[in-house]
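Worksheet for the structure shown next.
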Amino acid sequence: MSAGSHAHGAAPDGHDVHDNEAPHGSLQGYLIGFVLSVILTAVPFWIVMAHVFKSPTLTAFVVMGFAAIQIVVHMIFFLHMTPQAEGGWNLLALIFTLVLVTIALSGSLWVMYHLNANMMPTSTMTAGNAMGGMDMASPAAAQDSRTMP
Amino acid sequence: MSSSSSLAAADEHARAFHLAVEEDHHPENGTMLGFWIYLMSDCLIFAALFATYGVLGTSYAGGPSQAELFKLPTVALNTSMLLLSSITYGFAMLAMAKGNKGATLIWLGITAFFGAAFVGLELQEFAELIHDGASPQRSAFLSSFFALVGTHGLHVSVGIVWIITLMVQVGQKGLVQANQRRLMCLSLFWHFLDVIWIGVFSFVYLIGVLR
């Protein structure tokens, strides 16, 4: 791999050769990545369009699982992500970004879901009281609405 | 291996000795790492847009939902266009590694074609949605949908402009070192956009129609 890139990158001044060590991948690598991506794309489309699973929640988890695997496949075969790339700084930056993305996504969804659930009871509390149910939900909702500024 | 070759070169040119050895310890000139960090910051933009869509994706305001709007066969066609453009860009990089200027230009042109097909299909989808009254103003769901998918489409459009620019540069200057570096940056950019699209078609379209 690096021998090949040295051979074609024969620059007049010696140090330019080293600028060219980032991997270009191989034909085999690209084809493996492409075939895997096609499979990992086709299967979730088929699962959703053919209604393979009865439960939407299970289907959603399976689809996200396939997406996660395909992202890893792209990282390895198309973006040539290796622990050695750029002396490990590429991978470190990626891991740092993934941590931030996880916090941003899960944090947003978590906080806003609870905010929705706690803001809702002003309407559902009256409905719940009218129906004589929802005893579990209403005290908590009342407490939350008191702590609201 | 690289140090021995540079030492051999240094024997011939004594003046180049310090330069060659010092360059050896630097990982290239940092362009690829810098561009990668740019991509990671771009990733954070998309994370914010995904989070926005995740929060607002069910706020229909009495308007249409994902299941009523999305046509999965179109999305599948769109996805295949982007995936094909990814592999053809890979072939362009392989041609570049062999120093084959003509093949590089041809594969870049095919990549730009698939990218344009992707953007064209997406614009057609947007036009149909807006024509049916599902415009960004209709509901919070549609605002966040257009913001997320539109930002991705804008990135792809800029990528196409970049491909055409580099095709002109490679055509005029050939596969010189600077052009190889630019092509490698664009390679990261283009494959990165495909990675984002995996999230879009899974999280927005496929899971969307389940709701």
Two pseudo-spin positions, 7 Å from Cα along C-beta at B:Gln124 and at B:Thr74, lie apart in nanometres by 0.9 nm
Cβ density ranking, 10 Å radius, fewest first, applied to B:Arg182, B:Arg211 yields B:Arg211, B:Arg182
Projected onto their principal axes, the Cα atoms of the range B:29-210 stretch, largest extent first, over whole-Å spans of 57, 30, 23
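Roughly what percent of Cα-Cα pairs across the range A:25-80 reach past 14 Å? Don't jump to the answer; show the numbers that get you there.
Values: 855 of 1540 pairs.
Taking all Cα-Cα pairs of the range A:25-80, the fraction more than 14 Å apart is 56 percent.
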Net charge (Lys, Arg +1; Asp, Glu -1) of residues whose beta-carbon lies under 14 Å from that of B:Leu166, B:Leu166 excluded, is +4
Listed by chain and number, the lysines with an alpha carbon less than 21 angstrom from that of A:Lys54, same-chain partners under 8 positions apart left out, are B:Lys71
A:Ile69 and B:Asp132 label points (each 7 Å along its Cα→Cβ direction) are spaced in nm at 3.1 nm
A:Met81 and B:Ala48 label points (each 7 Å along its Cα→Cβ direction) are spaced in nm at 2.2 nm
Sequence order, the range A:92-108: Karplus ³J(HN,Hα) from phi using 6.51 cos²θ - 1.76 cosθ + 1.60, θ = phi - 60°, Hz rounded, Gly and Pro as x, gives 4, 4, 5, 5, 4, 5, 4, 4, 4, 4, 4, 4, 4, 6, 5, x, 4
In terms of the charge dipole of the range B:77-211, which places +1 on Lys and Arg and -1 on Asp and Glu at the beta carbon, the residue among B:Gly99, B:Leu121, B:Leu206 farthest towards the positive end is B:Gly99
Inter-part gap, Cα centre of the range A:58-118 to Cα centre of the range B:119-157, in whole angstrom, is 24 Å
Over chain B, the sum of -39500 (n - 2.57) across DSSP H runs of at least four, divided by residue number and rounded to 500 deg cm²/dmol, gives at 222 nm -27000 deg cm²/dmol
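Can you give the net charge of the other residues whose Cβ lies under 13 Å from the Cβ of B:Ser59, counting K and R as +1 and D and E as -1? Please report the intermediate quantities before stating the final value.
Numbers: positive: B:Arg138, B:Arg211; negative: none.
Combined, the nearby Lys, Arg, Asp and Glu give +2.
According to the Cα gyration tensor, what semi-axes, each the square root of 5 times an eigenvalue, does the equivalent ellipsoid of the range B:64-136 have, listed from largest to smallest in whole Å? All intermediate terms of the calculation are to be shown ahead of the outcome.
Numbers: eigenvalues 238, 24, 9 Å².
Those come to 34, 11, 7 Å.
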Per-residue Cβ contact counts at 10 Å, fewest first, order B:Ile110, B:Ile196 as B:Ile110, B:Ile196
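Read-outs: derived from the displayed coordinates by stated rules, not from any lab. None of the values given here were measured: they were computed from a predicted structure. For neighbour counting, all protein chains shown are included, and Cβ atoms are generated from backbone atoms with ideal geometry for every residue, glycine included.
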